[in-house]
Structure formats: structure tokens, C-alpha cells
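So the structure is just underneath, and the comments pick up after that.
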Amino acid sequence: MTTNVAGLRTWNSLGRFVKRGEKGIFILAPMVGRRSAKDTATDEPSDDATTEGHRTLYGFRAVYVFDVTQTEGKELPTLTEVNGDVSGYRERLFKFVESQSVELSFSERIAPAKGLSHGGKITLLAGMQPAEEFSTLVHEIAHEMLHRGDRRTLTTNNSARPKP
């Protein structure tokens, strides 16, 4: 089972080094960049090719990555826990979510995710500490608000879609 994987340079930048004799995990890594018609000597530009200057996925390349268990060195940075007193604000946030006509529910079945949102519904992981629950709900309501009506067209990148 792999936990955290990264390439050799990334591990080195984190102060960790691949142990001698370890075998890498072979993957196909995406190649993302700017591509124009003159960059592709052998490919014919298609109608749905992105215009010059836009980032696009243009292929994959073979690379080796290594699991954290195959490395040694500095400890990896840990994510901080959310804490603090959210009394008063928590209830105000719940009322705000309700005022946005978003249905809120709690479930243990979404673990390991802390929250999910889709189509006017937010599900939070049951049993979180109040500050963590507050933080997660702020994140999920932001998704809901950004993906509505007129705002959706402002926040959606349509550059990769074919033009009508």
C-alpha cells in the first residue's frame, strides 16, 4: 500500500532521500503546458486545439515515483488541526447555509472526506470538533455558491471546450 508518493527531486526538496537499492513505482505523469501549432511539427492542429498561451494537457510521460517508506531524512510537515472557539459563529453559518437553500446533513459514511457538496446539498462528516466542522462547512458552502447560475459561468474555464 502506498501512502505518499513523489519523484526523486521532490523528495530531495523536502529533505528526504530515496534509500539505496529502492525500486521506483512506474507511472504515466501528465504533461501540461502551452502548446501552439508551431510546437507540433508532426501533429496536425485540430479544431479543438487550445489557442496559444492556454495551458493544456498534451500528453503523458513515463516517470518513477517513490513511496515515503522508501525514503529517509527529515520528517514530513504535518497538516495543522483546526481549533478555536466558534461559538456563535457556527450557528450563524448554519443559518446562512439555510438561507442559501442548501440542504445540510451529517454522515459517517463519507469518511475519510470531511465534507461533500453537490447540487444544493452539503454533507459533513459526523463527529468533528466544532472548529473543524465550521472550517469544512465554510469550504463546502463556497463550492455551492461558486457553482450556481451566473457565478458558474464566471468561474468555469471554457477554454478547453470546442467553440460552437
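Summary of computed values
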quantity: Potential extension, Val32-His118 segment - 0.36 nm per residue separation minus Cα distance; calculated: 28.2 nm
quantity: Cut-off under 5 Å, modelled amide H: who pairs with Phe106 long-range; calculated: Leu124
quantity: Fewest-first sequence of Leu125, Leu137 by Cβ atoms within 10 Å of each Cβ; calculated: Leu125, Leu137
quantity: Lys121 long-range amide H proximity, modeled H, under 5 Å; calculated: Glu103
quantity: Projected area, mean over directions - segment 89-152, Cα convex hull, nm²; calculated: 4.1 nm²
quantity: Footprinting exposure proxy for Arg16, Arg109 (fewest neighbouring C-beta atoms within 10 Å first); calculated: Arg109, Arg16
quantity: Whole-Hz ³J(HN,Hα) from phi, Karplus 6.51 cos²θ - 1.76 cosθ + 1.60, for segment 88-95, glycine and proline x; calculated: x, 5, 4, 5, 5, 5, 4, 5
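Only the coordinates and a few stated rules stand behind these numbers; no lab work does. Please read these numbers as outputs of a predicted model, since none were measured by experiment. Cβ: placed from backbone, ideal geometry, glycine included. Neighbour counts: every protein chain shown.
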